[in-house]
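The values are calculated or read from the model by the stated rules, or taken from the named source; none is laboratory data. Remember, it's a predicted structure, so these values are computed and weren't measured experimentally. Neighbour counts are summed over all protein chains in view; Cβ atoms, including those assigned to glycine, are modelled from backbone coordinates with ideal geometry. With ligands, DNA and RNA removed, areas are computed over all heavy atoms of the protein, side chains included. Shrake-Rupley method; radii C 1.70, N 1.55, O 1.52, S 1.80 Å.
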Amino acid sequence: MNGINFNHLKRRNFIKKATLSSFATLIGSEIVFGSKMFEGYQPIALQDPDPFKMFSKNKEMIVLNDKPWNIEAQAHLLDDKITPNSAMFIRNNGLIPENIDVRNWTLTIDGESVNKEKTYTLNELKSKFKEYSYQLTLECGGNGRSEFNPPAKGNQWTVGAVHCAKWTGIRLRDVLDDVGIKKDAVYIGYHSSDVHLSRDPYKEPISRGAPISKSLQEETLLAFKMNGKDIPLVHGYPLRLVAGGWPASVSGKWVNRISIRNKIHDGTKMTGTAYRIPCEPVAPGDKVKDEDMCIIESMPVKSLITFPKSGATINEGKSLNIRGHAWAGELVVSKMEYSIDFGATWNECQIELPVNRLAWQHFSTSINFPKKGYYEIWARATDSQGTAQPMILPGWNPKGYLNNACHRIAIKVK
Ligand SMILES: Nc1nc2c(c(=O)[nH]1)N[C@H]1C(S)=C(S)[C@@H](COP(=O)(O)O)O[C@H]1N2
Ligand SMILES: [Mo]
């Protein structure tokens, strides 16, 4: 044109206030001249974010993905009876919401099956309804996916996508009672404030739910506390749906709307193959039609040896105390066994009752080894209906869900 370069004018688009304050939150201090930063500029402090610091996680947690953030525990990090934040796995389908304004946070209950939609502020929810606390087991439906062959796409979880924290909040059923739901209600669907990876505001990263019967259970909470404190941002602050014993994807984080549906909720990741397994078993690698895939409900029986850490060495003649947790979806674990001879023989462990329904149970035992050498300890839980964990990988399915094979650790006796 006339020789003037207009490129420098772009520099006038200083960074948006909203982005700036979220940068500041992540960095943990005010960016003093932040308003002078150029659009699209990445502060150095954020170029190589330290997820362990950012999310207050143990340094031995394993990062599977950073866009979005997906981080899992290792078995020995899950030794506590109540999982601390530092060992809780993180599963995000989208981007963590930025700039949460708690004072203006609301929850709307709407959908075909409410008489009249209703909106509550966080304070109304906290003051109007009675508070309950439950320890609840949340396991990602894809926990154990890394073992499937042919491999299944998605986060390659090994054993660490499970936690059992203590959640405090109000019962969803009390809120639904207050709103008034119609007789034709069959499902609830949650909506949240996280952001789709594409940043398209019309797309939801995930919007799942549960049948009305699960939603009305005593232990199904709208939680605002975890382990006695505000829920950490990455785990759903300031309001989270928690439905123990079902795939953790049902437990919507950052929930701001719950729709009461007169049909099975059809939100993002409710349909197609997401969080579904073949209704009938299939051969490894088979293609399965969408209509032959069924929604995962209660999770299967499973257990984890959390002490000692795999690879431990003990001296000959010493007995070894082992411990861990076992859980069984909606059921209880009624028997816990271990084997040191690759499943040829089994011995019983002590297993405690759950502190409340849908909480994991603790097992322990003392083991004597016949002589020096290499051993593996296998653990096997059996649920109250008599179903035991399989020793090896159970039914292959296209998305790699529900691997509840026995957990095992290595031990050397010197
Ligand atoms: N809003 C929202 N809720 C969500 C998710 C998500 O991406 N967004 N992920 C779900 C999935 S798949 C799992 S396994 C759990 C993980 O919970 P956590 O990150 O607190 O461990 O949250 C569920 N709730
Ligand atoms: Mo999940």
*Those Cys residues of the chain for which no other cysteine Cβ falls under 4.7 Å*: CYS140, CYS164, CYS349, CYS406
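Could you provide, to the nearest whole Å², the per residue accessible area of segment 121-231 with probe 1.4 Å?
Each residue of segment 121-231 exposes 42 Å² on average to a 1.4 Å probe.
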*asked:* Cα atoms only: what Rg and Dmax, in Å, come out for the chain?
replied: 23.6, 90
*Ranked highest first by average number of other Cβ atoms within 10 Å, how do 217-223, 280-286 line up?*
217-223, 280-286
*Taking amide hydrogens as modeled 1.01 Å from N in the peptide plane, which residues meet the under 5 Å criterion relative to GLY329, leaving out close sequence neighbours?*
MET299
*Can you give the charge dipole size of the chain about its Cα centre, rounded to the nearest 20 debye, using +1 on the beta carbon of Lys and Arg and -1 on the beta carbon of Asp and Glu?*
860
*Sort out for me the Cα centre separation of segment 274-324 from segment 91-157, rounded to whole Å.*
24
*How are the C-alpha pair distances of segment 276-320 spread across 10 Å bins, as whole percents from the shortest bin up?*
19, 27, 16, 18, 16, 4
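So, for segment 291-386, what is the accessible surface per residue at a probe of 1.4 Å, expressed in square angstrom?
Result: 47 Å² of accessible area for each residue.
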_Distant alpha-carbon pairs in segment 307-414 (separation over 23 angstrom), percent_ = 31
*Inter-label distance for VAL32 and LEU353, nm, one decimal - labels placed 7 Å from Cα along Cα-to-Cβ*: 6.1
*From the phi of every residue in segment 90-106, what ³J(HN,Hα) in whole Hz does the Karplus formula 6.51 cos²θ - 1.76 cosθ + 1.60 yield, where θ is phi - 60° and glycine or proline is x?*
10, 10, 10, 8, x, 9, 4, x, 9, 6, 6, 9, 4, 5, 10, 6, 10
*Residue-normalised accessible area of segment 18-70, given per residue in Å² at a 1.4 Å probe*: 66
*Using helices alone, what [θ] at 222 nm do you get for the chain, with -39,500 (n - 2.57) per DSSP H run of 4 or more residues, divided over all residues and rounded to the nearest 500?*
-2000 deg cm²/dmol
_10 Å binning of all Cα-Cα separations within segment 96-189, expressed as whole percents from 0 upward_ = 13, 27, 31, 22, 7, 0
*Once amide H atoms are built 1.01 Å from N in the peptide plane, which residues 5 or more positions from ARG257, or in another chain, come under 5 Å H to H?*
THR108, HIS191
*Mind computing the radius of gyration and Dmax over the alpha-carbon atoms of segment 40-160? Å is fine for both.*
18.8, 52
*Could you tell me the number of lysine pairs in segment 46-146 with C-alpha atoms less than 26 Å from each other, where the two lysines are 8 or more residues apart or belong to different chains?*
13
*Summarise the accessible area of the chain (1.4 Å probe, protein heavy atoms) by the percent that is carbon and sulfur.*
51
*Hits among lysines - C-alpha to C-alpha of LYS17 under 16 Å, sequence gap 8 or more where chains match*: LYS36
*asked:* What three numbers, in Å, describe the spread of the alpha carbons of segment 230-331 along their principal axes, ordered from the longest?
replied: 63, 45, 24
_Please report the spacing between the Cα centers of segment 334-410 and segment 24-68 in Å, no decimals._
39
